[in-house]
Amino acid sequence: MATGLRERKKQQTRELIAETARRLFADRGFDRVSVAEVARAADVSQQTVFNYFPRKEDLVYWRLETFEEELLTTVREREPGEPVLAAFTRFLSRPRGLLGKQDPEARDRLAALTTMILDSPALLAREQQILAGYTDSLAALIAEEQGAKPGDLEPWVAANAMMGVHRAIVAYARERIRDGARHPRLARDVQARTERALELLDGGLADYAVKPAP
């Protein structure tokens, strides 16, 4: 029970720091707010902020951790006989994040978040690093499943092709948001674009990385 209480308090502190940072970043811009200012506003030490978020950019992207977990779990736990692209399509088609919510607050937060990211080279660069790591994790999982030999390019190519769809859709959605697009038309448009993009991969990856039977 004591361990559970400590973990809940740690999670509450993490969320408090992240929410405090979000408000400051939305108000003044990511690059104009220091970690020290976030710490003061959250009433914690600067070291505490870094204990939870080793890099300043992680204050924005910390929820992406669940993205990687869900992606790898969806691929790993697909049924025998199912190609990896089918599992990835199912994962990418699920409504998630602020774009998957319809309330006005989520709409406003998504617009503010989009502006903040597009206006910050540091955030854009960190995002690419994070997604590159997720792509490598996906490629490693595919390679392990398929018994790929060292130097085999197929798992890496497949993972990059699939994650490339995700990156392209995120970039498209952000440009639409910057141009003034909002829910629910935006969500429908992004979903349609996602489906068309995945169809482009279907010819080449539809029968690749079929999960073997136990």
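The values are calculated or read from the model by the stated rules, or taken from the named source; none is laboratory data. Every value quoted in this text rests on a predicted model; they were computed, and no experiment measured them. In this analysis, Cβ positions are derived from the backbone assuming ideal geometry, glycine residues included, and neighbour counts consider all displayed protein chains. Calculation scope for accessible area: heavy atoms of the full protein, side chains included, ligands and nucleic acids excluded. Shrake-Rupley method; radii C 1.70, N 1.55, O 1.52, S 1.80 Å.
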Just to be sure, is Gln102 open to solvent by 40 Å² or more (accessible area, probe 1.4 Å) and either more than 12 Å from the chain's Cα centre (by Cα) or farther than 19 Å from Ala173 by Cβ (or both)?
-> yes
Can you pull out the residues in the range 170-214 that are in contact with a helix residue (DSSP H, G or I) (Cβ under 6 Å, 6 or more places away or on another chain) and either at positive phi or free of Cβ contacts under 8 Å to residues at least 12 places away in the same chain (or both)?
-> Ala209
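Per-residue answers, yes or no, for (1) of a type in the set (A, V, I, L, M, F, W, C); (2) within 30 Å of Pro80 (Cα to Cα); (3) open to solvent by 70 Å² or more (accessible area, probe 1.4 Å); (4) more than 15 Å from the chain's Cα centre (by Cα):
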| site | (1), (2), (3), (4) |
| --- | --- |
| Ser120 | no, no, no, yes |
| Glu127 | no, no, no, no |
| Leu141 | yes, yes, no, yes |
| Met162 | yes, yes, no, no |
| Val165 | yes, yes, no, no |
| Gln191 | no, yes, no, yes |
| Tyr208 | no, yes, no, yes |
Checking Ala39 against (1) under 30 Å from Leu200 (Cβ atoms); (2) open to solvent by less than 20 Å² (accessible area, probe 1.4 Å); (3) assigned to a helix (DSSP H, G or I), which single condition isn't satisfied?
-> (1)
Look at Arg107 and say whether it is touching a residue at least 40 places away in the same chain (Cβ under 8 Å), of a type in the set (D, E, K, R) and buried (at least 17 other Cβ atoms within 10 Å of the Cβ).
-> yes
